[in-house]
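**Student:** Sending over a structure as structure tokens; questions will come in a sec.
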Amino acid sequence: MKHVMLVALAAIALLLPSSLHAQETKPFILPFQDPPGPSTWFLGGLYGNTTGAYANRREFYLAGQGLHFGLDFSAACGTKVVAIGDGVVLGADGPWGSAPHNLLIDHRNGYWSLYGHLLERPKLNAGDRVTKGQVVALSGDPDSTCHSRPHLHLELRYNNNERFVNPINVIRADWDTLALFGQFGRGFERDLNDPRKWQTMYDQPDGIRGAPLINDYENPWPPSFDFR
Ligand SMILES: [Zn+2]
């Protein structure tokens, strides 16, 4: 019994510094100047195997294997968006989705960040250098109304655009607290044959562009309409 306890303590001691270390080594910051709040922004939709992405897996999310391949931040139109890290602009309003306007930044560490559903074309051009925290865009609304669902869609792409990764794992923030507020897009689709898989905001899979659906379940919950 004593032995088991010692092993458990040793395991905790090993885990603790590594999780702290992981937090310290997250290279990016949140994409806003101001802290979250009712007059600034809040965490809207999560990355990954969300119920919303699952329901639309054959349409909007097909290229991302059925995952919501970014994070959504609810914010009024015109909220200042900042670069999450130092980098070089790859382009504004390029063919990267997330209409009506977008911005793509290469951070020169394997990651690219995409800022989507922007209010207007960012006043930056390919090759421009940006620094962490610099205002680079204004948030908008995918429906261009500014009252239907205004939000910033933020994607983290890795390895020359091939992979989508969960921004939560590379942006330094108190995600547990950020996730306390709001409801929309928080549910993850469940595979009733493996019901604990991909059910927290931290354990979502990477997506590979153009690869087959990752979550086309035989027994999904909630049940979803099949648009085939
Ligand atoms: Zn989104």
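**Student:** Out of the total accessible area of the chain (probe 1.4 Å, heavy atoms of protein only), what percent is carbon and sulfur? If you can, show how the numbers build up before the last one.
**Tutor:** Details: 7100 of 12040 Å².
It is 59 percent, rounded to a whole number.
**Student:** Now for a separate question. Taking just the alpha-carbon atoms of segment 30-95, what radius of gyration and Dmax come out, in angstrom?
**Tutor:** Cα radius of gyration and Dmax of segment 30-95 are 14.3, 36 Å respectively.
**Student:** Sticking with this structure for a sec: Can you give the relative contact order of segment 2-221 as a percent, counting alpha carbon pairs under 8 Å and 6+ residues apart?
**Tutor:** Rounded, it is 25 percent for segment 2-221.
**Student:** Quick one: pull the percentage of alpha-carbon pairs in segment 108-218 with a separation above 19 Å.
**Tutor:** I get 61 percent for the Cα pairs in segment 108-218 exceeding 19 Å.
**Student:** Averaged per residue, what accessible surface does segment 2-221 expose to a 1.4 Å probe, in Å²?
**Tutor:** Value returned for segment 2-221: 51 Å² of accessible area per residue.
**Student:** If you don't mind, there's one more thing I want to ask. Put +1 on the Cβ of each Lys and Arg and -1 on the Cβ of each Asp and Glu in segment 2-221; which of Leu118, Asn215, Ile105 then has its Cα farthest toward the positive end of the dipole?
**Tutor:** Toward the positive end, the furthest listed residue is Ile105.
**Student:** By how many nm would the segment from Phe60 to Asn219 lengthen if fully extended, with 0.36 nm per residue of separation less the alpha-carbon distance? Write down the numbers at each step before the final one.
**Tutor:** On the way: separation 159, 0.36 × 159 = 57.24 nm, distance 2.16 nm.
Full-extension gain reported as 55.1 nm.
**Student:** If packing is taken as the average count of other Cβ atoms within 10 Å, what order do 44-51, 173-180, 151-158, 131-138 fall into, highest mean first?
**Tutor:** Values: 44-51: 24.6, 173-180: 13.2, 151-158: 23.0, 131-138: 17.1.
Order by mean packing, descending: 44-51, 151-158, 131-138, 173-180.
**Student:** Can you check what the net charge comes to around Leu192, using other residues whose Cβ is under 14 Å from the Cβ of Leu192 (Lys, Arg +1; Asp, Glu -1)?
**Tutor:** Spelling it out: positives minus negatives among the neighbours equals -2.
**Student:** Next question, about the same structure. I'd like to compare 110-116, 212-218: which one has the highest average count of other Cβ atoms within 10 Å, and what's the full order after that?
**Tutor:** Ranking, from highest mean packing down: 110-116, 212-218.
**Student:** With r as the distance between the Cβ atoms of Arg108 and Lys197 and R0 = 41 Å, compute the FRET efficiency 1/(1 + (r/R0)^6) and round to 0.05.
**Tutor:** 0.75
**Student:** Given the Cα-Cα distance of Asp174 and Asp93 and 0.36 nm per residue of separation, how much length would full extension add, in nm?
**Tutor:** So the extension gain works out to 26.1 nm.
**Student:** Also, I was wondering about something else. At q = 0.08, 0.11, 0.15 Å⁻¹, what log₁₀ I(q)/I(0) does a Debye calculation on the Cα points of segment 2-221 give, no solvent, two decimals?
**Tutor:** Result of the Debye calculation: -0.30, -0.56, -0.99.
The values are calculated or read from the model by the stated rules, or taken from the named source; none is laboratory data. Note that the coordinates shown come from a computational prediction; the quantities given were computed from them, not determined experimentally. Backbone-built Cβ (ideal geometry, glycine too); neighbour counts: all protein chains shown. Protein only, heavy atoms only, side chains kept; ligands, DNA and RNA dropped before computing areas. Shrake-Rupley method; radii C 1.70, N 1.55, O 1.52, S 1.80 Å.
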